[in-house]
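First up is the structure itself, then whatever we jot down about it.
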Amino acid sequence: MSDLGLLKYTSSYFDPFVVLWAPPSEIERVTGRPNAHKNAWTMAGLVLDGDWDRNDERFVDSSEWYRCLLERHVDDIAWSEMSAIQSRVVRVRNGERVMDNRTSETGVFERCRYLDRLYTNMKDHGYQTQPELLAQGRGTPYEKILPYKKHYHEVAVDIGRNGELLFVDGRHRLSLAKILDVDRIPVRVVAVHEGFLESKRTLEYEFAETEYGHPLCPGYKPYAGNLPGHESS
């Protein structure tokens, strides 16, 4: 798997391409793994011990973007009136890069309009998976995301020792799914707590294996490996 830019397996692991269907309302806390956002791909499939799953940080309390999107699409506040956006405008004027490498005030508001379109599309057409979006010529717009990663670029979560889904990455999509009260979304599993596997607990989520195939490996069918509650095929 190292040739795909994923985890170099040196410890216990499971299949790194596991996608589950889960209610956004059940993703409440944020993982406590160090640098979880930065290693959301390189640690895919790893089984870890430690207390990272006992972090008390709640997504809706800690995510600035959740608050911004709530203000925009529930309270109908203009982007330009939000302090979070105003501060980013100041930063780009000072030569900083913000909001996925935007370097100008125009770029900041282009990104805001993209989030408006994302909200409208989700509201009008429901939550669509990355394979569905890619089939329409859409999906993750960033060139830095390799083709096989785009296919799996869903909201990313860790699984704690009690089977709880802990947020890792995908704050915009998770925020909008919560605001729109979406029933369920696909989530890509990154790391799993060792205690969960040892407890012999089972996951109460459906595995979304039929929608996901590896673009670089024809015929590849993801499976959940040694995750309880799933039979490998």
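Residue count for the stretch 94-117 satisfying the condition of being open to solvent by less than 50 Å² (accessible area, probe 1.4 Å) and closer than 15 Å to Leu176 by Cβ: 4.
The set of residues from the stretch 154-181 being over 12 Å from Arg29 (Cα atoms), open to solvent by less than 20 Å² (accessible area, probe 1.4 Å), in a loop (DSSP other than H, G, I, E, B) and touching a residue at least 40 places away in the same chain (Cβ under 8 Å) comprises Glu154, Gly163. If you go through the stretch 41-66 and keep only what is acidic (Asp, Glu), loosely packed, with under 15 Cβ neighbours inside 10 Å and closer than 16 Å to Ser199 by Cβ, you end up with Asp49, Asp51. Pairs linking a residue in the stretch 39-60 that is on the phi > 0 side of the Ramachandran plot to a residue that is open to solvent by less than 70 Å² (accessible area, probe 1.4 Å), with Cβ atoms under 6 Å and 6 or more positions apart or on different chains, are Gly45/Leu7; Gly45/Phe14; Gly45/Pro16. Across the stretch 118-138, the qualifying residues are those that are over 17 Å from Leu174 (Cβ atoms) and at pLDDT below 95, and the one among them that is surrounded by the most Cβ atoms within 10 Å (Cβ to Cβ) is Pro131. Within the stretch 197-212, the set of residues being over 18 Å from Phe17 (Cα atoms) and without any contact (Cβ under 8 Å) to a residue 24 or more places away in the chain comprises just one member, Glu198.
Within the stretch 74-142, considering only helices (runs of 4 or more DSSP H) that don't extend past its boundaries, which have at least 3 residues that are closer than 30 Å to Tyr212 by Cα and among the basic types (Lys, Arg)? It would help to see each step written out before you state the result.
On the way: elements: 83-93, 105-125, 130-135.
Answer list for the stretch 74-142: 105-125.
The values are calculated or read from the model by the stated rules, or taken from the named source; none is laboratory data. Here the structure is a predicted model, which means the values were calculated and not measured. As a convention, Cβ positions derive from the backbone with ideal geometry for all residues, glycine included, and neighbour counts pool all protein chains shown. These accessible areas exclude ligands, DNA and RNA; they are computed on the full protein's heavy atoms, side chains included. Shrake-Rupley method; radii C 1.70, N 1.55, O 1.52, S 1.80 Å.
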